[in-house]
Amino acid sequence: MTEPKAPRRRATASSRAAASSRARVLQVLDAVQRRGASASAALTDGLGGVEPGPDRALITDVAYGTLRWLPALDAALGARLPDPAALPTTVLDALRAGAFERLVRGTPAHAAVHAWVEEVKRLPGPAARLSGLVNAVLRRVDLADARGPAAGAGLPEPLWLHLAASLGPHAAGAARAMLQPEPLWVTAYGDDALELLRAEGAEARPGPLPGCWALRPGRPLGALDAFRRGAIQPQNPSSAAVVSALGEVAGRRVLDVGSGHGVKAAQLAAAGAAVEAVEIDAHRSEVGRRNLARLGLSARHHVVDASVPLVGVPTVDAALLDAPCTGTGTLRGHPEIKLRWTPDDAQRAAARQRAMLASVAERVRPGGVLVYAVCALGLEEGPEVVASFLAAHPEWRAVAPSVPLPTVPAPIGAWLLPSDEGLDGFYLARLERAERDRVGASPA
Ligand SMILES: C[S@@+](CC[C@H](N)C(=O)[O-])C[C@H]1O[C@@H](n2cnc3c(N)ncnc32)[C@H](O)[C@@H]1O
């Protein structure tokens, strides 16, 4: 049984090693669009064995860029092709990636067209015979043909309408910002972070918050000493800003719900909070515990479902509910979301968020504070969740959140918008519980 497997593995490895950069791009595009992979997992796979350098940069840029721009590229290609859906998927993906290279990435037209025509000639079977068509279409394709606000924003129509309903005049700018590549943002832990990074050749420029840097690490993050020694944590500045909406947490007991890999739990622990980290997924909770340990920090971890009453979790001074969501504020790093999103997803996420908010609020003492946040930009998962909570819980009120980045007011709470600088989009609300029953027994 095991013998036939060894030659197959060797064949896969050697054919991978021989694959051209653009063949690897096609592999990533196929995995994301037709095999349900996330862009980051597909890219990690597609980059297997490619050393840091120009090939790696090309594969990353073209695969991610094509996925980010896909709705706009398809609209532009649709004007030049009678029936794109009738093409073999590899040829269609070659056209999309070629159009991205020529029209967005700025590869000189003749080089982009030539590279993709040659790639199509190497495709197996009858697809190779379509190289002439690829040549003709790539020479003429033009983004000016991607008409209408949805295509202009690089979004499928339903998602564009969803974002336009919540962000109004800010929607187009937010969507276009998420078409750009993202810097590798890190939060520094410890005074020697920058020194360590520079000593190993990483370039770092300051971000919009103290202790936040945009890195060009020069090699995979996990290979950096600064990472291994717990001096840095990948984190978008918007994610860090959300935590600061809790205000002063030193010496307070703080619940971090949906603690995941512990990025926000680490920030809270480093600020002096006694953190109770709640996560439904045991594996994620364990990764979070190890991540905090890497950073020299700790929390008490609870593997429980926060959409039902929280048993075994103490009453706290403050809670952060970083709720699971559709992630429509993170399309830059997760472009696959825009290709799969449906309005039902937002409704389903909102139902879970409402249940979690009610259950988490129960654990906050009178006079305490709760920050509700999602990295999604629709009304359903943001202001509407908070409005229905407030309607059923008169002891709570919303106050304007104070964060160290620019925000745009939402009907309740605020939006942190995706920006050209590379910030992710979030919704956040700061909720305060009344000091009821001041003279009575404390409801511990
Ligand atoms: C947006 S992510 C949180 C990221 C994390 N706070 C961080 O900054 O690293 C949401 C997390 O909520 C968790 N989650 C989903 N449903 C949950 C539930 N019912 N109870 C507790 N955690 C839940 C997910 O597993 C996921 O890790």
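Would you mind counting up the charge near residue 228? Only other residues with Cβ under 13 Å from its Cβ, with Lys and Arg at +1 and Asp and Glu at -1. Mind showing how you got there, number by number?
On the way: positive: 219, 229, 290, 294; negative: 200, 225.
Taking every other residue near residue 228 into account, the sum is +2.
Let me know the charge dipole size of the chain about its Cα centre in debye, to the nearest 20, where only the beta-carbon of Lys, Arg (+1) and Asp, Glu (-1) is charged. Display every interim value, and only then the final one.
Values: 49 positive and 45 negative charges, 214 e Å.
Roughly 1020 debye, rounded to the nearest 20.
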- [ ] Specify which residue in the list 156, 428, 242 is farthest towards the positive end of the charge dipole of the chain, using unit charges on the beta carbon of Lys, Arg (+1) and Asp, Glu (-1), about the Cα centre.
- [x] 156
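Report, in cubic angstrom per residue, the convex hull volume of the C-alpha atoms of the chain. Working shown, then result.
Details: hull volume 72.4 nm³, N = 444.
Normalising the Cα hull of the chain by residue number yields 163 Å³.
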- [ ] Work out how far the C-alpha atoms of segment 110-258 reach from end to end along every principal axis, then list the three figures in whole Å, largest first.
- [x] 67, 44, 26
- [ ] Among 328, 405, 416, pick out the residue whose Cα is farthest towards the positive end of the charge dipole of the chain, where Lys and Arg carry +1 and Asp and Glu carry -1 on C-beta, about the Cα centre.
- [x] 328
Open item on the list: Out of all DSSP beta bridges in the chain, what portion is antiparallel? Express it as a percent rounded to 5.
Closed with: 60
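Tally Lys/Arg at +1 and Asp/Glu at -1 over every other residue whose Cβ is under 15 Å from the Cβ of residue 387; what's the total?
Working: positive: 354, 397, 430; negative: 380, 381, 384.
Combined, the nearby Lys, Arg, Asp and Glu give 0.
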Open item on the list: With n ≥ 4 as the cut-off for DSSP H runs, can you work out [θ] at 222 nm for the chain, using -39500 (n - 2.57) per run divided by the number of residues, rounded to the nearest 500?
Closed with: -13000 deg cm²/dmol
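How would you order 151-159, 244-252, 60-68, 207-215 from highest to lowest mean count of nearby Cβ atoms within 10 Å? Walk me through the numbers on the way to the answer.
Working: 151-159: 20.7, 244-252: 16.8, 60-68: 23.4, 207-215: 18.8.
The densest-packed peptide leads the list: 60-68, 151-159, 207-215, 244-252.
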Open item on the list: I'd like the orientation of helix 109-121 relative to the chain: the angle between its Cα long axis and the longest Cα principal axis, in ° from 0 to 90, rounded to 10.
Closed with: 80
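Summing Lys, Arg as +1 and Asp, Glu as -1, what charge do residues with Cβ under 13 Å from the Cβ of residue 165 carry, residue 165 excluded?
Details: positive: none; negative: 157, 380, 381, 384.
Summing Lys/Arg as +1 and Asp/Glu as -1 gives -4.
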TODO: For the chain, with a Gaussian network of springs between Cα atoms less than 10 Å apart, report the residue from 411, 54, 324 with the top mean-square fluctuation.
DONE: 54
TODO: Compute, for residue 305, the solvent-accessible surface of its heavy atoms (probe 1.4 Å) with the complete set of protein chains present, and express it in square angstrom to the nearest 10.
DONE: 60
Task: Global geometry of segment 313-444, whether rounded, prolate or oblate, following the gyration tensor of its Cα atoms and the 1.5 cut on a/c - done: prolate
Open item on the list: Angle check, please: helix 282-294 long axis (alpha carbons) against the longest principal axis of the chain (alpha carbons), in degrees 0 to 90, nearest 10.
Closed with: 80
Task: Amide H partners (placed H, <5 Å) of residue 368, local residues excluded - done: 433
TODO: Take every Cα pair under 8 Å in the chain that's 6+ residues apart, average their separations, divide by the length, and report that relative contact order as a whole percent.
DONE: 13
Task: Virtual spin-label span in nm between residue 282 and residue 30, 7 Å along Cα→Cβ - done: 3.7
Open item on the list: Just to be sure I understand: with springs between alpha-carbon atoms less than 10 Å apart, which residue in 137, 242, 371 has the highest mean-square fluctuation in the Gaussian network model of the chain?
Closed with: 137
Task: Built amide H within the under 5 Å cut-off of residue 301, gap 5+ - done: 277
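Would segment 287-351 count as rounded, prolate or oblate if I go by the C-alpha gyration tensor, calling it rounded below 1.5 in a/c and otherwise prolate when a/b exceeds b/c, oblate otherwise? Walk me through the numbers on the way to the answer.
Numbers: a/c = 2.98, a/b = 1.49, b/c = 2.00.
Judged from the Cα gyration tensor, segment 287-351 comes out oblate (a/c at least 1.5, b/c at or above a/b).
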Open item on the list: Which of 233, 347, 267 ends up with the largest GNM mean-square fluctuation for the chain, with Cα atoms connected below 10 Å?
Closed with: 347
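The values are calculated or read from the model by the stated rules, or taken from the named source; none is laboratory data. From a predicted model like this one, the values you see are computed outputs, not experimental measurements. Note: ideal-geometry Cβ built from the backbone for every residue, glycine included; neighbour counts use all protein chains shown. Calculation scope for accessible area: heavy atoms of the full protein, side chains included, ligands and nucleic acids excluded. Shrake-Rupley method; radii C 1.70, N 1.55, O 1.52, S 1.80 Å.
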